[in-house]
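Computed from the coordinates by the stated procedures, all read-outs in this text should not be read as laboratory data. Remember, predicted model here, so these are calculated numbers, not experimental data. For neighbour counting, all protein chains shown are included, and Cβ atoms are generated from backbone atoms with ideal geometry for every residue, glycine included.
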Amino acid sequence: MVTHAPLADSDAPRSDPAAVGFAGSLPTTMATTSDNETRQTTTTVVTVRIPTSADRDVVSEAERRLARAEGATAVSVDGLRGLQPGLSATVVTVAVTAESRHGRPLAFESLTGVETIDP
């Protein structure tokens, strides 16, 4: 039986990165980005139902809930327009600026407890 000693780094062919100690350090995939995405910024007024058990202030909680809309990349509350406290929830009316990645306005109505007042 013939056995071979492992190659030292200096004996390895230079065309094989794994053989010269570079295994895992070379990227196997290339990240790509696209500047062709269509983004749309929308300003609207919505009401958001915030349960009394929420652990944030009403503005932060409204932003968090509105950010769940499909395609939302950024949502910010520009101003508080109304506040209706209730036993189990507070309904806040807020002016919102939202950015979507799909080129059309966000459908906040699809979210539970959200209603668009001024499109």
The answer for Ala89, listing residues at least 5 apart or on another chain whose modeled amide H is closer than 5 Å to its amide H, is Thr52
Those trypsin sites (Lys or Arg not before Pro) from segment 63-98 that are DSSP loop and have at most 15 other Cβ neighbours within 10 Å turn out to be Arg68
Of the convex hull drawn through the C-alpha atoms of segment 40-118, the volume per residue in Å³ is 75
For Ala74, the residues 5 or more places away or on another chain with a placed amide H closer than 5 Å to its own amide H are Glu99
FRET efficiency for Asp55 and Asp118 from the Cβ-Cβ distance with R0 = 22 Å, rounded to 0.05, comes out at 0.15
